[in-house]
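The values are calculated or read from the model by the stated rules, or taken from the named source; none is laboratory data. Please read these numbers as outputs of a predicted model, since none were measured by experiment. Cβ placement follows ideal geometry from the backbone for every residue including glycine, while neighbour counts extend to all protein chains displayed.
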Amino acid sequence: MTLPALHRRAAELGRALARGSAGTGFVPTMGALHGGHLSLVARALRAHERVVVSVFVNPTQFGPREDFGAYPRALAGDRRLLGSLGAGRRLLLYAPEASDVYPAGFATAVAVGGAAGIRLEGEFRPGHLAGVATVVARLFALVRPRAAYFGLKDYQQYLVVRRLARDLFPGLRVVGCPTVREDDGLAMSSRNRYLDPVARMRAVALNRSLLAAAEAARGGERSVRRLRRAALKVLSRVPGLTVQYFDIADARTLEPLRILDRPARALTACVLKGTRLIDNLALEPGKGDARRA
Ligand code: PAF
């Protein structure tokens, strides 16, 4: 197995990329890689001669009482997992120190506006989306990819990054890739490592609540209030689970909806025994009677 070349400094990574042709694909991560990340890397490898995976636990996207310190760090294992993809020298791993990403004097913060930039995660994790936008902008500037790959599991993040790229990095394509799920439907996430066996079993409720809303929508229900009610019923049965939000919003903008009259996204964030989990699903208006709204 060939491990991907490990670069700790952007300057050195830049020299390695300059030796190849153009057309770098980029998969930014915070490490503790799982099947979801590997699917992004595999997708990028199909489209680009070179793919850079960054592993950087970005301090600016964590609130003061969040899990920055506890966030799993597993660089050696991550490197082996990437090596198992068999991409050899086509894959480069950029795992910088904080000082490479935020050198002394760094004083820029990027904030994306619009509903996607401020609602939901923006309300429950103040500063989080700006921290993501700032680090992603900085990584785009360092890696200069042609396309960047993001999981739709973090749907709001995907919309924020897409807006950021359109506004500041013309020509850079942001590709949203499907959520990868465990056999029981739980969305893969590095934070699933925090769950004890009981919490792990209960965590599947997030996906089930989204499916309940999607099924009601397919059956013709158009009232967002009633769709939410169907989903919240599922979540309310789970001991120890607190719902932060269950929202149904315009899939493109994340503006709130009252009637399901366009492509929409159901999004939820729940806390289960101290672990915060998020998930989301596309909702398509069904062919039912719109008067039921
Ligand atoms: O999704 C993540 O892992 C992070 O938010 C990202 C995009 C790597 C920025 O730190």
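Scanning segment 18-47 for residues that are of a type in the set (Lys, Arg) and either within 19 Å of residue 176 (Cβ to Cβ) or buried (at least 18 other Cβ atoms within 10 Å of the Cβ) (or both) gives 43, 46. Within segment 99-108, one or more residues are acidic (Asp, Glu) and under 16 Å from residue 144 (Cα atoms).
Out of 176, 131, 185, one residue alone is among the small types (Gly, Ala, Ser), closer than 17 Å to residue 251 by Cα and either touching a helix residue (DSSP H, G or I) at 6+ places or on another chain (Cβ under 6 Å) or at pLDDT below 95 (or both). It is 176. Consider segment 1-52 and keep the residues that are assigned to a helix (DSSP H, G or I) and of a type in the set (Lys, Arg). The one that is nearest to residue 81 (Cα to Cα) is 43. Among residues belonging to segment 139-166 that are without any contact (Cβ under 8 Å) to a residue 24 or more places away in the chain and of a type in the set (D, E, K, R), point out the one that is nearest to the ligand (Cβ to nearest atom). It comes out as 162. For the structure I just gave you, tell me whether residue 78 is assigned to a helix (DSSP H, G or I) and acidic (Asp, Glu). In short, yes.
Residues in segment 96-117 that are surrounded by fewer than 18 Cβ atoms within 10 Å (Cβ to Cβ) and among the hydrophobic types (A, V, I, L, M, F, W, C): 7 in all.
So residue 107 fits all but one of (1) of a type in the set (Gly, Ala, Ser); (2) free of Cβ contacts under 8 Å to residues at least 60 places away in the same chain; (3) touching a Leu at 6+ places or on another chain (Cβ under 9 Å); (4) over 19 Å from residue 52 (Cα atoms); what number is the exception? Every condition holds for residue 107 apart from (3).
Identify, from the list 90, 15, 50, 80, the residue that is away from the ligand (no atom under 14 Å from the Cβ), over 21 Å from the mean Cα position of the chain (by Cα), crowded, with 22+ Cβ neighbours inside 10 Å and over 27 Å from residue 122 (Cα atoms). Testing whether each residue is away from the ligand (no atom under 14 Å from the Cβ), over 21 Å from the mean Cα position of the chain (by Cα), crowded, with 22+ Cβ neighbours inside 10 Å and over 27 Å from residue 122 (Cα atoms) leaves just 50.
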